[in-house]
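Please read the structure below before turning to the comments.
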Amino acid sequence: MAMKPEVSIGLGLAAGALAAMIFDRAMPALIDHRAAPADDAMASSTNRLATITAGATVTAVALIAKDPTVFVIGGAVVVGMHLWHRHANMVNPATGLAVPRSPMMESDIPPDMVYAE
């Protein structure tokens with residue numbers, strides 16, 4: 001059962017604002033992400049947790065409202081916030097450019113994880 005468009009869009013925007021608030025409370029500021037070393041594991045883990053929490057919240061609101069518009073608008077905010085923080089985590093503060101993840105080199109493996117043959 002769909003709601004009236006003005007109610008549905010308003011509720012979707014409210015769910016999006018709730019998701020943005022979850023990201024605001026769970027994540028450090030974007031400037032801190034950009035100033036930290038690129039590909040920080042703690043920032044990536046925190047981003048994943050905020051995304052799951054905000055996504056679950058938006059999904060719950062959409063299921064209670066029984067309206068897909070709420071899910072679409074709120075989900076777009078969750079995806080946008082996730083990508084925004086993920087990009088900030090990929091930026092090298094020295095160059096100001098996003099760097100791709102490099103595959104782990106054998107020299108990067110901690111000594112206690114190397115198996116003796």
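Throughout, read-outs are computed from the coordinates displayed, never taken from laboratory work. This one's a predicted model, so the numbers in the text were calculated from it and none came from an experiment. Glycine gets a Cβ as well: all are built from the backbone with ideal geometry, and neighbour counts include every protein chain shown.
Six or more apart or on different chains, Cβ atoms under 6 Å: show the pairs whose first residue is in segment 61-76 and in contact (Cβ under 8 Å) with a residue 40 or more places away in the chain and whose second is exposed (fewer than 15 other Cβ atoms within 10 Å of the Cβ) and part of a loop (DSSP other than H, G, I, E, B).
Listed by first residue and then by second, the contacts come to Lys66/Met1; Asp67/Ala2.
If I filter segment 77-94 down to residues being touching a residue at least 40 places away in the same chain (Cβ under 8 Å) and outside any helix (DSSP H, G or I), which single residue comes out as surrounded by the most Cβ atoms within 10 Å (Cβ to Cβ)?
Residue satisfying both the conditions and the ranking: Val91.
If a residue must be among the polar types (S, T, N, Q), within 16 Å of Ala88 (Cβ to Cβ) and surrounded by 16 or more Cβ atoms within 10 Å (Cβ to Cβ), how many such residues does segment 45-65 contain?
Residues meeting the conditions: 3.
Scan segment 5-26 residue by residue and report those that are closer than 12 Å to Thr53 by Cα and surrounded by 15 or more Cβ atoms within 10 Å (Cβ to Cβ).
Matches in segment 5-26: Leu18, Ala19, Ala20, Ile22, Phe23, Ala26.
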